[in-house]
1. Please get the size of the charge dipole for the range 21-160, origin at its Cα centre, with Cβ charges of +1 on Lys and Arg and -1 on Asp and Glu, quoted in debye to the nearest 20.
2. Would you mind pulling out the separation of the Cα centroids of the range 66-139 and the range 147-177, in Å?
3. State the answer as a single residue: which of Ala56, Leu27, Leu222 lies farthest towards the positive end of the charge dipole of the chain, with beta carbon charges of +1 for Lys and Arg and -1 for Asp and Glu, about the Cα centre.
4. Mean 1/r over all different Cα pairs, inverted: what Kirkwood radius does the chain give, in Å?
5. Ranking request for peptides 12-22, 56-66: highest mean number of other beta-carbon atoms within 10 Å first, then the rest in descending order.
6. Among 99-106, 206-213, 115-122, what's the highest-first ranking by average C-beta atoms within 10 angstrom per residue?
7. Please get the size of the charge dipole for the chain, origin at its Cα centre, with Cβ charges of +1 on Lys and Arg and -1 on Asp and Glu, quoted in debye to the nearest 20.
8. Work out the charge dipole of the chain with +1 on the Cβ of Lys and Arg and -1 on the Cβ of Asp and Glu about the Cα centre, then indicate which of His115, Pro155, Tyr3 is farthest towards its positive end.
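What follows draws every value from the coordinates through simple rules; no lab data is involved. Quantities reported herein were computed from a predicted structural model and do not represent experimental measurements. Here the Cβ positions follow ideal geometry from the backbone for every residue, glycine too, while neighbour counts run over all protein chains shown.
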Amino acid sequence: MPYCGAPPMPGSLWLRWNIDPVVIVALVLLAGIHLARLGGRQRTLAMTGWAVTALALLSPLCALSVSLFAARVGQHMILILIAAPLIAAGLPPPRDSRPLWPAVAAFTVFLWLWHMPAPYDATLHSDAVYWAMHISLFASALALWRALLPLGRRPMALVAAGTVASMQMALLGAVLTFAGRPPFAWPYTPTQAWGFAPLADQQLGGVLMWVPGAVLFLWLALRTAAHAAREQGAARA
């Protein structure tokens, strides 16, 4: 039985909240420790990030991710593209830019690993593997955003790192979108109740990864480049 339970039926999905006390207590403790050290705008951003994290892990999206690959991808995108940058905005920036490329590499490895057939299938048969997936993906996303968000230091490296992160995510999304057959064995039966053929479910998941990931990381690259241009203009003036 997967961690989030049996595949839900459409009529009962709204009842399938995750009320695991261990997860709830862990989220409250982590958020409390983090928010206690912050104030002002940083506190607001981080609080929003932790609320989004709780929603992704505790809402019926958890159960839906057992039925639909696209729902699992959507859950991941919420965590790594919305919650992680908001929480990272409330973390102290790294002292130098050395963690930048290791963070990009770790994020890339975990993103591709957990969206491959064998590891993906393992998360549906083992609670330990399921949480290893979420923790490694979320932690690597936090490290990446913590390295990418500060402006003013090595702007071209930030642009390059943001572009690489965007391209590898878009590439994985494109691979999933244009695959000729679904490689994931688990979703074959549950998808039918939701009106999706297995291949269509996988293609939707690919699009959810491809478009938002590419847009957000490219926006970050353009933001960094614009900041560098302003700095150069001010220096010349």
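1. Numbers: 9 positive and 3 negative charges, 131 e Å.
About 640 debye.
2. Each part's Cα centre sits 15 Å from the other's.
3. Leu222
4. Values: mean 1/r = 0.0533 Å⁻¹.
With all distinct Cα pairs of the chain included, I get 18.8 Å.
5. Working: 12-22: 11.7, 56-66: 20.8.
Taking the mean over residues of other Cβ atoms within 10 Å, the ranking is 56-66, 12-22.
6. Ranking the peptides 99-106, 206-213, 115-122 by packing returns 206-213, 99-106, 115-122.
7. Numbers: 14 positive and 6 negative charges, 189 e Å.
That gives the chain a dipole magnitude of about 900 debye.
8. Looking along the dipole axis, the top candidate is Pro155.
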